[in-house]
1. Do the sum for the chain: with -39,500 (n - 2.57) for every DSSP H run of n ≥ 4, divided by all residues, what is the mean residue ellipticity at 222 nm, to the nearest 500 deg cm²/dmol?
2. Could you please put F176, F578, F547 in sequence from largest to smallest accessible area, using a 1.4 Å probe?
3. Once the dipole of the range 73-186 is set up with Lys and Arg at +1 and Asp and Glu at -1 on Cβ about the Cα centre, which of V106, Y94, Q181 lies farthest towards its positive end?
4. Cα gyration tensor of the range 77-220, axes a ≥ b ≥ c as square roots of the eigenvalues: rounded (a/c below 1.5), prolate (a/b > b/c) or oblate?
5. Over the Cα atoms of the chain, each weighted equally, I'd like the Debye log10 I(q)/I(0) at q = 0.10 Å⁻¹, rounded to two decimals.
6. Using Cα positions and a limit of under 13 Å, work out the aspartates and glutamates in reach of K90, with same-chain residues fewer than 8 apart set aside.
7. Can you pull the percent of the chain's accessible area that's carbon plus sulfur, 1.4 Å probe, other chains left in place?
8. Tell me, what is the 1.4 Å probe accessible area of M340, in Å² to the nearest 10?
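The values are calculated or read from the model by the stated rules, or taken from the named source; none is laboratory data. What you see is a predicted model; the values in this text were computed from it and never measured. For neighbour counting, all protein chains shown are included, and Cβ atoms are generated from backbone atoms with ideal geometry for every residue, glycine included. These area figures cover heavy atoms from the full protein model, side chains too; ligands, DNA and RNA do not enter into them. Shrake-Rupley method; radii C 1.70, N 1.55, O 1.52, S 1.80 Å.
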Amino acid sequence: MTRLIYHPAPHETEGLYGFLLRVAEGNGLQGIRAAFDNHDSLDVCIRQRLGWDLKSLHGMRLFQELEPAGYDTYKVWNRRGSRYCPVCLKLAGYWRQEWELALLTVCPEHRCALVDVCHQCGHSLDWNRSALLRCVCGARLQEAPAVAAGEIETIFATLLRDRLTGCDGGPEHLQFLQLAQLHRLAVFLGAYADPAPGRRILLKIPRFATMQAVRPIAHYAAETLLDWPDGFHRLLRNLRARRQENVRRGNQFIGQFGSFYSFMFEQFSQPEFSAIIYAFEAYIAENWPRPLTNRNKLLSKDLRQKHIWIPAKEAAHVLATSPRKLALLHKAGRIAGHVMATPGGRKMLCIDRRELSQIADSLRETVDLRSAAQLLGLQRRRVSQLIEHRLLGPAIAPKAHRSSSWILSRSFLENLLVLGSNLPDWHENTDRLGLSLNDALRFVLHRESLFPNLILSVIEGEMLPIAAIADRAGMGAWVFDREELTDWRDRQLETLREEALTVPEAARRLGLKQETAYHLLARGILPFTVDPDTDQRLIRKSELDGFRESYVLGSQIALELNLSPRRVIQILEKLGIFAVCGPAIDGSRQYLYRRDTALQAVVEALWRDAERLPS
């Protein structure tokens, strides 16, 4: 190959392609391709055309651009386009090496954006023009106006230039990265942080050599890398938000983060990139609401074993209880946690590992029906009566047709027993005629409602025991004055007859069909008592008031909103409000809703803005 006549020495900070174009221009050739196009490698071609030996070639700083970057996705150097700082070019007419970096978009010295199009004709600059300092239209490139750049882009450009020149410094999490490694990481983060529409494969960026395409990537990379780790965590949150509707079955990390997750662990697992892995795991530790298992092998073993969210099954094993009991306590709001859907559609309760000690205390504070009966000294059916009348505090019922047990508050039961803690021991030879509670239940308190009413009277101080049998436990040891207890019973029965309503009467007052009223009695939603003389079911007026406060008919809601009942049911279901009974639920003739804050808020919102009802 013919040796070129003009072969100047390169400037210390000159870029390779800028130098080659300067050589081509000095030899009267049209661009780099005309001067250095050869089937051999570029370094061989340069040595032949300039007459330099291999040692002198690789001793020059600009020829480090001939070394491969070591990564295939994007090269460090911009070989397709040509960009420059007009201020620098006006001061000294040669091409700076940092301008040839693919991600450098700002001049670190003059804080202005680099230029890659002619200010006169708008033509994109490349390396095949005939003159280094002129466009193909003849315009002088030094005369292009300088446009100020943002601070964060300038800081990032300075970081790239320092890596190029071998200067130390920069953020701590990037100090171990070489130029090629920093470039690759920045392209990866910038491409995923840039929500460019229509780009299916995030790392395939069209026209990457142009400022128009690369500047958003560099900007997002700078925001992510220079605000560490908050910027990186913000990127992860945005990724999850953009993919919220695309979570699919299988690996949930892939569903939440897409290809970002697998690509990050595949390409950045080297020790130099440990900061990105640590930051990702820190985000997962704080924000991942699902349990981590051994299937999440890309994550560290320490994170998998110490992740705060664990399945209820694992928590139950640690706490020596059943998952079902934890689920009941969570549903009642007694323990913290959340329910997630598995890829298979099942629901899984997740427990915060940090709350296990507190949950253990909560479990120790609970008793089942059998233990409550032993503690109170009563039969289990009597305890059930007190539960039904809400006299034993917050109680969690077992699910129908399941083997789980009632969950009651031990402290509430103990506080109830305090009412009889200072009673004197009962002696048979006392002047007063006494009757123990258990005997009273057999011989005096025949009606179901009398026993709960007696305990309520004890709580309110209206009817108090006079002593306790020494060898018995709990309420079963309480002794009442026989005459006082009999008088109290008679007053209760008289009041019951005056206040009680038959089922048809109660149905009329509540606006229910009689069939619906009987259905609610069978479901236990509407409490009742049975007259021992007539076997007739009676409903107290106070129970009607409680029912009205707790429930509302769908037809009543429809009347309030001036809509049809069918329409109201459809709207409420779409808003996540479901009836407790109805034709499509349990065969009841009417739909009934629990009157809670959620229903009240929805009804008020619909009443205020009827035009925006869901279709």
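1. On the way: 28 runs with 275 residues, N = 615.
Per the formula, -13000 deg cm²/dmol.
2. Values: F176 155, F578 130, F547 15 Å².
Reading off the accessible areas and sorting them downward yields F176, F578, F547.
3. Among V106, Y94, Q181, the one farthest towards the positive end of the dipole of the range 73-186 is Y94.
4. Values: a/c = 1.99, a/b = 1.34, b/c = 1.49.
Oblate is the answer for the range 77-220, as a/c is 1.5 or above yet b/c matches or exceeds a/b.
5. -1.00
6. In chain and number order, the partners are E143.
7. Working: 15730 of 32610 Å².
C and S fraction of accessible area: 48 percent.
8. 30
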